[in-house]
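I have placed the structure first, in the form of structure tokens, so that the comments after it can refer back to it.
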Amino acid sequence: MQAVDIAAAVRAGHVRAIDMVERCLAGLAQADHLAAVTRVLAARARAEAAQVDAAIAHGHDPGPLAGVPYGVKDLFDVVGLPTTAGSSLYADAAPATHDAEAICRLRGAGAVLVATLNMDEFAYGFATINATHGTTRNPHDVTRLAGGSSGGSAAVVAAGLMAFSLGTDTNGSIRVPASLTGIYGLKPTHGALPMAGVFPFAESFDDAGPFTTSVADMRCIWQVLTGSPVDGAAPTDLRVARLGGRFRDNADPDQLAAIDAIAPHAPIIELPEIARARSAAFLITAFEGGALHADALGRAAMQFDPATRDRLMAGALLPRALYDEALAFRRDFKQQTAVVIADYDVLLAPAAPCVAPLIADPRIVIDGGMVPARSDLGIHTQPISFTGLPALSVPLRRPGRLPLGLQLIGKPGGEAALMAFAEMLEGTGLTGQGLTGIASPVEELA
Amino acid sequence: MRRSLSLPSVDPFLVWLVAVVTAASILPVRGGIAGWFGLATNLAVALLFFLHGAKLSRASILGGIGNWRLHVLVLGSTYVLFPLIGLATTALDGWLIDPRLGVGLLFLTLLPSTVQSSIAFTALARGNVAGAVCSASLSNLLGIGLTPLLVGLLLRTGGTGALSSWGSVQTIALQLLVPFVGGHLLRPLIGGWVDRNKAILQPVDRSSILLVVYTAFSAAVVNGIWTKVTVPQLGLLLVLSAVILGLVMVANVLVARLAGLPREDAIVLLFCGSKKSLVSGVPMAAALFAPATVGMVVLPLMIFHQLQLFACAALAGRFSRQANLAEAVSRIPQGSEQAAEAAAARGFTIPDACMPGVVANLALLGQHAKTLSGGNR
């Protein structure tokens, strides 16, 4: 059920917020096998739902997300709880004194926070393999990864346990799991959504963003989080291009077929020096992540998740000069990219390069060789984060098959164009049934 | 919603150059103050050479002197390639370009290389400074005889033909070689300090270039550079200067590749071999040409000089970044020993259980660093 439908029903008095919350809590209780949730906030959720129901009883409108249960990645500040960023290292940290700004805005719109959600420790990974909370499983095939680092946020929405959730995206941590679980995920223009009260990873690239099952929900949550309406853009007026080069070299054939079906006559353009851009993003992320955790690594290295500890230590040992050079390259790359894409509103590219890898063998094929999924699922998302451009991951409609997603990439501040284009794909499609849009997991959950 | 705003990423030094040219156009230094500026410029150049003398080891200098292949290539570019291109431009005289400016174009191609800016740009680009000092000095000293000879062969000048050769020798000796040798002789005393404070060399390099540009361009403005020719002729001069410079630079890059020059020497050939000296050219023109034509003859040189500074500043910035990146890549710890040392320097210890993983991740980051530096695509 979409968030906008739940909110409409609650606002109309057809259903109570507390009933939606209880239904959500019951679903979560039966979904432990997904390892998607780190903390269930039942008491808080019931209290917030009661406030929504009370407002309605008094004739007040709680907002456009009235009574909609949702969850947040385990790195958003939640008042009264330690912010752990998926790590046991901070399990006993001082509780947050305020909610993260994004949570405050959602609460102001009537949404009800129900849970914090699993992630790669400190958001360092594309797999959501977490030593403390387990490996999040893909609702479409529980033997496969849900992707990461916002894997828990993606899994609960894909499983239908929540209508939406919040994650963060540093190098693809929203778009990769959205692609692998067959839902929508938005990485906004860098800095467009509030990051106050969010545990950082690599601040040059960190962004918060929502996961949803429809463009209508995405549009609604965007309006709530930004406080401004989405300007309508006519999708027929949008100028579209297809990204070539490495974006087409390492893609599932179905992704390429879908891109070509969506925009058969759109030019194929290449971003300059894309391999260098990805490597620069890798280095900047490693350096900033390492610098952030250097003190803690010195204090308690063995309390880190083994999967992230060694990567963070290596990042902490990178020379500052290398980081400075990567940043200098980034400035040039952003300018060159702006010139290349100047004539287009929407660029089409794969999101994750393949379907969800098996948990038992978390590797993928890149350039003909097997590489770790944890570090390389973001091959197509990382260069986009590097530019700060907004990108919306949209699911291809593939009932009965493992999900695949595409990225719709826009200009800075171009989220409205991306949503208009996604809505066109979702609504009219090219096959009569819609080329994009979610397909529910084959396995019925909850 | 916040939109990201960014200014174009232009080398700040180029911005400084534009600012200095603009300042000289609006507020040219003249009269007595020009004399003070000239003195300041000479002192800055002398300081530059003093510091480079103190920085370079004896082995580097001897290596620079003995690098005959490099010197021959630089001289070939300055006194063979340039004059051939200059002769080709004479085909444009009369129908496309004012003959007096045509003479100026050919004249500029016969001039020696610059010393100060060639070396300063070579230093900025992390090239072979010792080689540049020797190549550029040799080019300049030989130019005292070679340029008038070439002018006599290829141009009818109407001048006296009397050159102050001894004056040029004195300038080079006093302003460049004496400080350089002096700095080098003091190296046992101050070399350590200079090595520890290498960062001060770049501001000295850059400020000396800016002072030269400001002083020279002021003189050109005071002499009426903007009133002597029409705007279309000025534009044409700019285009021809760019073509000449481009041809020489491309040729030098190709020659460096064919000759298998190391990167540091290729930078010397590119910078020393593509430069023409304003400092030498103006007095030579005054001596070689009739006084009434000197202004027009040196105008192409003025424009070429500005253009070469801008082109070399952009290239030097690019080469500098490449060199910085290569150096940074080489500083990524490799192996457990280096990783442990780097960790200790940052205040933490790598537990034994983590070492294999840390080393493996450093190797992965090293691969990405190589890709970033363009050596591992």
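Points to keep in mind about this one:
- Positions within the range A:21-50 being among the small types (Gly, Ala, Ser) and surrounded by fewer than 16 Cβ atoms within 10 Å (Cβ to Cβ), in sequence order: A:ALA26, A:ALA29, A:ALA43, A:ALA47, A:ALA50
- Residue within the range A:355-365 that is within 11 Å of chain B (Cβ to nearest Cβ), in a loop (DSSP other than H, G, I, E, B) and modelled with pLDDT of 95 or more present: no
- Any hit, the range A:126-146, residues being in contact with a Pro (Cβ under 9 Å, 6 or more places away or on another chain), over 30 Å from A:ALA300 (Cα atoms), among the polar types (S, T, N, Q) and in a strand (DSSP E or B): yes
- Residue that is nearest to the other protein chains (Cβ to nearest Cβ) [pool: residues in the range A:286-327 that are surrounded by fewer than 21 Cβ atoms within 10 Å (Cβ to Cβ), within 16 Å of B:THR349 (Cβ to Cβ) and not small (Gly, Ala, Ser)]: A:MET302
- Filtered by the rule that a residue be part of a loop (DSSP other than H, G, I, E, B) and either hydroxyl-bearing (Ser, Thr, Tyr) or crowded, with 24+ Cβ neighbours inside 10 Å (or both), the range A:206-220 gives A:THR213, A:SER214.
- Taken over the range A:256-270, residues that are of a type outside the set (D, E, K, R) and in contact with a helix residue (DSSP H, G or I) (Cβ under 9 Å, 6 or more places away or on another chain) amount to 6.
One line per residue, one yes/no per condition, for (1) closer than 22 Å to A:SER279 by Cα; (2) over 23 Å from the mean Cα position of the chain (by Cα); (3) hydrophobic (A, V, I, L, M, F, W, C); (4) assigned by TED's automatic domain parsing to the domain that holds B:HIS368:
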{"site": "B:MET302", "(1), (2), (3), (4)": "no, no, yes, no"}
{"site": "B:GLN306", "(1), (2), (3), (4)": "no, no, no, no"}
{"site": "B:ALA313", "(1), (2), (3), (4)": "no, no, yes, no"}
{"site": "B:PHE319", "(1), (2), (3), (4)": "yes, no, yes, no"}
{"site": "B:GLN338", "(1), (2), (3), (4)": "no, yes, no, yes"}
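- The condition (being at pLDDT 95 or above, in contact with a Cys (Cβ under 6 Å, 6 or more places away or on another chain) and either farther than 21 Å from A:ALA36 by Cβ or surrounded by fewer than 22 Cβ atoms within 10 Å (Cβ to Cβ) (or both)) is satisfied by just one residue among A:PRO64, A:PRO82: A:PRO64.
- Test: residue in the range B:83-100 that is in contact (Cβ under 8 Å) with a residue 60 or more places away in the chain, crowded, with 24+ Cβ neighbours inside 10 Å and at negative phi: no
- Only residues that are among the small types (Gly, Ala, Ser), under 39 Å from the mean Cα position of the chain (by Cα), surrounded by fewer than 17 Cβ atoms within 10 Å (Cβ to Cβ) and within 24 Å of A:ALA307 (Cα to Cα) were counted across the range B:346-377, and they come to 1.
- Members of the range A:172-192 that are within 13 Å of chain B (Cβ to nearest Cβ), more than 12 Å from A:LEU406 (Cα to Cα) and not polar (S, T, N, Q): A:PRO188, A:HIS190, A:GLY191, A:ALA192
- Evaluating A:LEU348 against the criteria (1) more than 22 Å from B:GLY357 (Cβ to Cβ); (2) over 21 Å from the mean Cα position of the chain (by Cα); (3) in a strand (DSSP E or B) leaves one unmet condition, (2).
- All conditions but one from (1) away from chain B (no Cβ under 14 Å); (2) closer than 19 Å to A:VAL365 by Cβ; (3) crowded, with 19+ Cβ neighbours inside 10 Å apply to A:ILE274; the one that does not is (1).
- In the range A:114-122, the condition of being closer than 30 Å to A:ALA338 by Cβ, within 17 Å of the chain's Cα centre (by Cα) and part of a loop (DSSP other than H, G, I, E, B) is met by no residue.
- Residues considered: B:PHE310, B:PHE348. Of these, the only one that is within 8 Å of another protein chain (Cβ to nearest Cβ) and of a type in the set (Phe, Trp, Tyr) is B:PHE348.
- Hits in the range A:24-34 (condition: closer than 18 Å to A:LEU113 by Cα and touching a residue at least 40 places away in the same chain (Cβ under 8 Å)): A:CYS24, A:LEU25, A:ALA26, A:GLY27, A:LEU28, A:ALA31
- Qualifying positions in the range A:317-334 - farther than 10 Å from B:ALA369 by Cβ, part of a helix (DSSP H, G or I), in contact with a Lys or Arg (Cβ under 9 Å, 6 or more places away or on another chain) and free of Cβ contacts under 8 Å to residues at least 60 places away in the same chain: A:ALA321, A:ALA328, A:PHE329
- The one condition in (1) facing chain B (nearest Cβ under 7 Å); (2) touching a helix residue (DSSP H, G or I) at 6+ places or on another chain (Cβ under 6 Å); (3) more than 26 Å from A:SER179 (Cβ to Cβ); (4) of a type outside the set (A, V, I, L, M) that A:ASP332 fails to fulfil: (2)
Table: residues versus (1) of a type in the set (Gly, Ala, Ser); (2) not in a strand (DSSP E or B).
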site	(1), (2)
A:SER149	yes, yes
A:SER153	yes, yes
A:VAL157	no, yes
A:LEU161	no, yes
A:SER165	yes, no
A:ASN171	no, yes
A:SER179	yes, yes
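- Wholly enclosed helices (runs of 4 or more DSSP H) of the range A:1-112 bearing at least 1 residues within 22 Å of the chain's Cα centre (by Cα): A:3-11, A:17-29, A:101-108
- Filter result (of a type outside the set (Gly, Ala, Ser) and surrounded by fewer than 22 Cβ atoms within 10 Å (Cβ to Cβ)) within the range B:302-318: B:GLN306, B:LEU307, B:PHE310, B:LEU315, B:ARG318
The values are calculated or read from the model by the stated rules, or taken from the named source; none is laboratory data. Remember, predicted model here, so these are calculated numbers, not experimental data. With ideal geometry, Cβ positions are generated from the backbone for all residues, glycine too; neighbour counts draw on all protein chains shown.
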